[in-house]
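Q: Here it is, the structure in full.
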Amino acid sequence: MALQQNTDHIQTTHIGSLPRPHNLLDLLKAKYSGQPYDESKLNSVLAREVAECVRKQVECGIEIVTDGEYSKPGFFTYIRERLDGYESRPNQKLTIFQQEVSAFPEYYAQYFKERMMGEAKLQIDIANVKAAAEAAGVPDHQVFLPATAPSGVGINEYYKSEEEYFQALAAELNKEYRAIVAAGILVQVDDPFLPDIFVEPKLDEKQKKRKAEIYVDATNTALSGIPADRVRFHTCYGINEGPRIYESNLSEIIEYVLKINAGSFSFEAANPRHEHEYHLFERVKVPEGKVLCPGVVTHASNIVEHPDLIAERLIRFAHLVGRENVMAGADCGFSSQALYKTEVHPTVVWEKFKAMRHGADLATKQLWN
């Protein structure tokens with residue numbers, strides 16, 4: 001039995017980011033906007049709030065926990081504190097979700113305008129989450145830290161080819177991934193950029209496939225020397241509750257996802273754009289010992305999913321890939337950017353987690369009894 005597989009029940013987890021407390025946001029905002037702030041106070045508040053965050057996850061029935069990504073102001077400024085050789089390009093826009101953004105420019109102009117960006121150093125994150133987990137009675141092998149995939153880091157202006165750039169980057173990210181795993185916890189590689197390839201309007205089919213292979217190869221290079229059962233891989237299509245009619249399908253990316261040297265794979269499956277895609281596993285075989293972690297609660301609605309529906313979603317997957325190979329998760333993080341006002345209210349997030357636990361228990365009763 002692989003480390004991440006179920007033994008006698010459906011395990012519960014989520015994807016990582018959670019709404020940050022406002023007292024922490026105030027300090028992060030000051031730090032990353034160049035205002036005066038007290039570093040020792042920031043570290044103290046961060047440690048205390050991570051401990052509370054993990055405690056609440058456990059209280060709500062989440063088994064495989066993380067730090068809520070509390071130290072990170074945002075997904076897209078991951079690199080500046082981690083690697084040398086990157087610098088800001090204030091007038092350069094990152095071209096993600098191009099077709100979707102073009103179709104709804106007013107909506108997304110406001111969406112990106114409100115987002116903050118950044119990330120604290122790795123060893124602080126590791127120390128905080130391990131201490132919080134120990135206090136909450138969670139063993140290290142049920143703790144994870146998210147880290148970006150090579151595809152989410154900067155834009156090449158130096159290397160001769162994209163392949164050379166991503167491989168060089170992967171070699172550096174390998175140090176971070178190894179540090180997380182060396183601490184006894186799981187690393188989660190986040191790659192929302194892989195699906196975006198397949199809706200890039202300027203790429204033909206051959207170019208899309210080649211770019212996806214470059215991403216996969218780079219991710220596996222970054223995972224070199226790390227046992228697959230210590231790795232979670234997450235991908236998603238959108239970080240918001242927008243219209244989302246211009247995004248790829250699981251059928252377009254699944255062959256690339258399953259090539260990643262990971263023990264589990266999480267993806268969106270709890271929203272109206274993607275819930276039907278469980279049918280894909282009627283014909284796609286999941287490699288032996290690998291775990292699927294479909295979203296059974298969504299990050300794009302304040303409606304709390306009914307436990308019966310959550311159980312139904314889990315049982316569908318279990319019947320297709322085996323009860324030991326399905327973990328309950330969320331579609332995506334609930335605060336990919338550090339906001340004072342998140343799309344899903346913080347109190348609703350915890351209720352979604354409670355519903356997930358209840359639904360997983362209902363599914364367990366049907367699958368093991």
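Q: Limited to segment 181-237, what total is found for residues that are farther than 26 Å from residue 289 by Cα and without any contact (Cβ under 8 Å) to a residue 40 or more places away in the chain?
A: Matching residues across segment 181-237 total 9.
Q: Same structure again: Could you check segment 3-24 and list, in sequence order, the residues that are closer than 25 Å to residue 344 by Cβ and either of a type in the set (Ser, Thr, Tyr) or at pLDDT below 95 (or both)? So that I can check it myself, show each step before the final result.
A: Step one: list which residues in segment 3-24 are closer than 25 Å to residue 344 by Cβ, which gives 10-24.
Within segment 3-24, 12, 13, 17 meet the criteria.
Q: Just the residues that are assigned to a helix (DSSP H, G or I) and without any contact (Cβ under 8 Å) to a residue 24 or more places away in the chain, please, taken from segment 279-291. First the steps, then the outcome.
A: If we filter segment 279-291 for residues that are assigned to a helix (DSSP H, G or I), which is where we start, we get 279-282.
279, the sole residue that qualifies.
Q: Another question about this same structure. Look through 305, 288 and report the one residue that is modelled with pLDDT of 95 or more and open to solvent by 50 Å² or more (accessible area, probe 1.4 Å).
A: Values: 305 fails: open to solvent by 50 Å² or more (accessible area, probe 1.4 Å).
Sole residue among the options that is modelled with pLDDT of 95 or more and open to solvent by 50 Å² or more (accessible area, probe 1.4 Å): 288.
Q: Moving on to the next point. Between residues in segment 292-305 that are in contact (Cβ under 8 Å) with a residue 24 or more places away in the chain and within 14 Å of residue 356 (Cβ to Cβ) and residues that are open to solvent by less than 30 Å² (accessible area, probe 1.4 Å) and acidic (Asp, Glu), which pairs lie under 6 Å by C-beta distance while being six or more apart or on different chains?
A: From residues that are in contact (Cβ under 8 Å) with a residue 24 or more places away in the chain and within 14 Å of residue 356 (Cβ to Cβ), the pairs are 295/268; 295/331; 297/305; 298/331; 299/331.
The values are calculated or read from the model by the stated rules, or taken from the named source; none is laboratory data. Given the structure is predicted, the values throughout are model-derived calculations rather than measurements. All Cβ positions, glycine included, derive from the backbone under ideal geometry; neighbour counts span all protein chains shown. In case anyone asks, the SASA skips ligands and DNA or RNA and just uses the protein heavy atoms, side chains included. Shrake-Rupley method; radii C 1.70, N 1.55, O 1.52, S 1.80 Å.
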